[in-house]
Amino acid sequence: EADIYQTPRYLVIGTGKKITLECSQTMGHDKMYWYQQDPGMELHLIHYSYGVNSTEKGDLSSESTVSRIRTEHFPLTLESARPSHTSQYLCASARQGMNTEAFFGQGTRLTVV
Amino acid sequence: GDSVTQMEGPVTLSEEAFLTINCTYTATGYPSLFWYVQYPGEGLQLLLKATKADDKGSNKGFEATYRKETTSFHLEKGSVQVSDSAVYFCALSDHNNDMRFGAGTRLTVKP
């Protein structure tokens, strides 16, 4: 079983609030990812990191930001939440190298009202 | 760039029916190929993988064969169960060894 955890699982928050979605993994993986999953199920990569102090934007533009100060921790922050940010957010990690699969957390379901 | 195209759903089957979910890919080089499954309210779990041409990945009665000549990795199961109801994602690892996912196929199995 993969050791990657996301908190909270569910969050309902008002417009304009600042929020941080937490993601931690205990597998020592260098690579970490954030995906946004729309109701149609498709996954959109919004941020990724190849190691400490490395962060990059993904394919889908996002108003969120990320940081990678420690290998095991990859939090995602929204400075001012809006209803358009309502979505499922999935965190994943993978080790470096060829043929390696990604391990996923259980996701955070965010609703901005 | 590298990409994955998978069969659109939703797919609805009766219990014990045969399942095929088609997946084709476009990639430079020789990617590894994966099938993930997502149960309601959960994250994605690796179902099976294949790392080179003609490899067959298998798990829990599901199988998929890496076909380089047709750039395909179709998922099959001989007899589906209600508990197989989920969303299935085909994926590849691109030239950076990052994952690229298909759009997902929702499977519903009725008793």
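Within segment A:63-102, being open to solvent by less than 70 Å² (accessible area, probe 1.4 Å), in contact (Cβ under 8 Å) with a residue 60 or more places away in the chain, more than 14 Å from chain B (Cβ to nearest Cβ) and over 13 Å from the mean Cα position of the chain (by Cα) holds for A:Ser80, A:Ala81. Put simply, of B:Leu75, B:Leu44 the only residue that is open to solvent by less than 30 Å² (accessible area, probe 1.4 Å), away from chain A (no Cβ under 14 Å) and either closer than 28 Å to A:Met32 by Cα or not aliphatic (A, V, I, L, M) (or both) is B:Leu75.
Failed condition for A:Glu101, given (1) in contact with a Ser or Thr (Cβ under 6 Å, 6 or more places away or on another chain); (2) within 23 Å of B:Val37 (Cβ to Cβ), with all others met? Only one criterion is unmet by A:Glu101, namely (1). The residues on offer are A:Gly58, A:Gly16, A:Gly28, A:Gly107, and the sole one that is surrounded by fewer than 18 Cβ atoms within 10 Å (Cβ to Cβ) and under 22 Å from B:Gly102 (Cα atoms) is A:Gly58. For segment B:90-111, taking the residues that are within 9 Å of chain A (Cβ to nearest Cβ) and under 13 Å from B:Thr20 (Cα atoms), the one that is most open to solvent (accessible area, probe 1.4 Å) is identified as B:Arg106.
The values are calculated or read from the model by the stated rules, or taken from the named source; none is laboratory data. In this text, all values refer to a predicted model and were calculated from it rather than measured experimentally. We place every Cβ from the backbone using ideal geometry, glycine too, and count neighbours over all the protein chains shown. For the accessible areas, the whole protein counts, side chains as well, though only heavy atoms, and no ligand, DNA or RNA atoms are used. Shrake-Rupley method; radii C 1.70, N 1.55, O 1.52, S 1.80 Å.
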